[in-house]
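Q: Got a structure for you, questions after.
The values are calculated or read from the model by the stated rules, or taken from the named source; none is laboratory data. Because the structure is a prediction, the values reported are computed rather than measured. Counting neighbours? That spans all protein chains shown, and the Cβs are built from the backbone with ideal geometry, glycine included.
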Amino acid sequence: MNTPISIRNAGFGDAEAIFRLIKSYPDELLARPVSDIVQNIDRFMVAEREGEVVGAAAWAVLPEIGKAMQPSVEIKSVAVKKALKGRGIGTRLVEAVIERIREFKPAQIIVLTFTPDFFARQGFVKVAKEKMMHKLYMGCVNCVKYDNPFTCPEIAMALLLENRE
Ligand SMILES: CC(C)(COP(=O)(O)OP(=O)(O)OC[C@H]1O[C@@H](n2cnc3c(N)ncnc32)[C@H](O)[C@@H]1OP(=O)(O)O)[C@@H](O)C(=O)NCCC(=O)NCCS
């Protein structure tokens, strides 16, 4: 029950476990192929318990036209093993990812999510999707779940950082 859980940077050897974790939430998360996870493994953190990957969280840098030095970073693919939900693992993962992202000094961290209350606890506030057109063009246009980002039920949220102009 009280087995220690460590949060660490992901490595290639974690890719298949991350793949399975994300795939276990088809309604909440966009599936990602193993090759995509491998190629972005340096943008993943995992939670490990007794050698098993029991949680994952990732981020992606979004382009910012006109303010190249003020990009937004998206947190994505946050998943905790179903049997271990509600024990603070998700919070620890997202806190660790935020700490890592802060080092890059982005203007904001964004998320599109079905669990706004979870992210609100970490300081995220709801924003209009129109405020994240870069995300809509980079990701939502290729979405296979919904035909229109403005009617997609995911909630757009942002954590505004001190580096904003
Ligand atoms: C959302 C998720 C990552 C949370 O992980 P977790 O380890 O269960 O979360 P924690 O135990 O750290 O919970 C922290 C707080 O958020 C709350 N919370 C957790 N999941 C929640 C949810 N789905 N909706 C609302 N609140 C939630 C918890 O009740 C807890 O509140 P408390 O501190 O008052 O007790 C996990 O439930 C999950 O993998 N969900 C499926 C995938 C998903 O929706 N990912 C997020 C989209 S990117």
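Q: State which residue pairs qualify: first residue more than 15 Å from A79 (Cα to Cα) and without any contact (Cβ under 8 Å) to a residue 40 or more places away in the chain and inside region 89-102, second residue of a type in the set (V, I, T) and loosely packed, with under 15 Cβ neighbours inside 10 Å in any location, beta carbons under 9 Å apart, and separation of 6 or more residues or different chains.
A: Sorted first by the residue in region 89-102, then by its partner, the list stays empty.
Q: Okay, next question. Scanning region 108-148 for residues that are in a strand (DSSP E or B) and β-branched (V, I, T), which turns out farthest from the ligand (Cβ to nearest atom)? Step through it out loud before you land on a result.
A: We begin by selecting, within region 108-148, every residue in a strand (DSSP E or B); these are 108-113, 125-126.
With the extra rule that they be β-branched (V, I, T), the set shrinks to 109-111, 113, 125.
Details: I109: 12, I110: 11, V111: 6, T113: 4, V125: 16 Å.
Only one residue tops the list, namely V125.
Q: Right, next: Could you please find all residues in region 135-149 being in contact (Cβ under 8 Å) with a residue 60 or more places away in the chain, within 14 Å of A60 (Cα to Cα) and surrounded by fewer than 17 Cβ atoms within 10 Å (Cβ to Cβ)?
A: Residue satisfying the conditions is M138 alone.
Q: Continuing with the same structure: As an exercise: evaluate F44 against (1) surrounded by fewer than 17 Cβ atoms within 10 Å (Cβ to Cβ); (2) within 26 Å of M133 (Cβ to Cβ); (3) of a type in the set (F, W, Y) and give the number of the one condition it does not meet.
A: (1)
Q: Condition check: more than 7 Å from the ligand (Cβ to nearest atom) and either modelled with pLDDT under 95 or within 20 Å of R20 (Cα to Cα) (or both). Does E50 satisfy that?
A: On the way: more than 7 Å from the ligand (Cβ to nearest atom): yes; either modelled with pLDDT under 95 or within 20 Å of R20 (Cα to Cα) (or both): yes.
So E50 fits the description; yes.
Q: Specify which of the listed residues (P26, P33) is more than 16 Å from the ligand (Cβ to nearest atom) and without any contact (Cβ under 8 Å) to a residue 60 or more places away in the chain.
A: On the way: P26 fails: more than 16 Å from the ligand (Cβ to nearest atom).
Answer to the selection: P33.
Q: Identify the residue in region 56-107 that is buried (at least 20 other Cβ atoms within 10 Å of the Cβ) and among the small types (G, A, S) and, among all such residues, is nearest to the ligand (Cβ to nearest atom).
A: G90
Q: Please tell me if I18 is of a type outside the set (K, R), closer than 24 Å to E99 by Cβ and part of a strand (DSSP E or B).
A: Values: of a type outside the set (K, R): yes; closer than 24 Å to E99 by Cβ: yes; part of a strand (DSSP E or B): no.
Judged against the criteria, I18 is not a match.
Q: Quickly run through region 62-78 and pick out the residues that are free of Cβ contacts under 8 Å to residues at least 60 places away in the same chain and under 21 Å from A120 (Cα atoms).
A: V73, I75, K76, S77, V78
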